[in-house]
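Worksheet: the structure to be examined is printed underneath.
The values are calculated or read from the model by the stated rules, or taken from the named source; none is laboratory data. None of these values were measured; they are calculated from a predicted model. Note: ideal-geometry Cβ built from the backbone for every residue, glycine included; neighbour counts use all protein chains shown.
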Amino acid sequence: MTNSDKTRLRAIYLKKRLLLTPDEIRQKSRQISEKIPHLEQVENKNAIACYLAVNNEPNIQNIITYFLEAGRTVVIPAFFEKLKQYKFVTLSSLNNLEIGQYQIPQPLKLLPVDSIKIELALLPGLAFSEGGLRLGYGKGVYDRLLANSSTFKIGVCYDFQIINHFKSEPHDIKVDFIVSENRIIKT
Ligand code: ADP
Ligand code: MG
């Protein structure tokens, strides 16, 4: 069943984000990246799901490097061609990546990690409601990856992507926090 509210919002918010300039992305990504590592809910987590930015998503590579240098386990979603399915895999470095599905970089060697082991997830999105609903690209990738998971979730986005409310569906995961360049919201 399609949800017309979500479909309409995806088009609007993807377009808005694609209008950001490289300078705006750099500056806002830096502001966002400065906030996240020092949150109490992040400091004590060891196995952390991150993402590699595409389509002008906030770039969190500095956070990934910071986690890796601190010896924490970083995982990212990767597409398994044979299974036609996403799984979290270990990201041991920002080298040795290849372009996977939807132009998203992923490690050359895929080492799956059970999502139950993940203690914290940093999630990109097209929009987030102040109540913690997440709007993705429409494939339900994170809804599936984190279904039935109690992982602490932080939505990572720009201020303009935080909206009042939208009509969601029961399978939609909710984030516990939203961090943007000027806001930290506990949902
Ligand atoms: P997104 O979260 O990317 O915005 P949607 O929430 O619209 O996308 O989900 C896209 C599709 O994925 C929907 O058709 C939905 O039924 C399917 N889906 C979402 N979560 C699950 C799940 N846990 N198990 C199976 N299918 C799912
Ligand atoms: Mg969803």
Which residues, taken from region 58-85, are surrounded by fewer than 20 Cβ atoms within 10 Å (Cβ to Cβ) and of a type outside the set (S, T, N, Q)? Tyr66, Leu68, Glu69, Ala70, Gly71, Arg72, Phe79, Phe80, Glu81, Lys82, Leu83, Lys84
What number of residues within region 165-187 satisfy the criterion of being within 11 Å of ligand 2 (Cβ to nearest atom) and touching a Gly at 6+ places or on another chain (Cβ under 6 Å)? 1
Being at pLDDT 95 or above, more than 10 Å from ligand 1 (Cβ to nearest atom) and surrounded by 18 or more Cβ atoms within 10 Å (Cβ to Cβ), is that true of even one residue in region 139-148? no
Of residues in region 115-134 being over 22 Å from Ile63 (Cβ atoms) and not in a helix (DSSP H, G or I), the one nearest to ligand 1 (Cβ to nearest atom): Leu133
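Given region 1-110, what helices (runs of 4 or more DSSP H) lie entirely inside it while holding 2 or more residues that are polar (S, T, N, Q) and out of contact with any Cys (no Cβ under 9 Å at 6 or more places or on another chain)?
4-18, 22-35, 61-69
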Residues that are touching a residue at least 12 places away in the same chain (Cβ under 8 Å) and β-branched (Val, Ile, Thr), drawn from region 1-46: Thr7, Ile25, Ile32, Ile36, Val42
Return yes or no: is Lys174 within 16 Å of ligand 1 (Cβ to nearest atom), among the basic types (Lys, Arg), under 14 Å from the mean Cα position of the chain (by Cα) and closer than 16 Å to Ala47 by Cβ? no
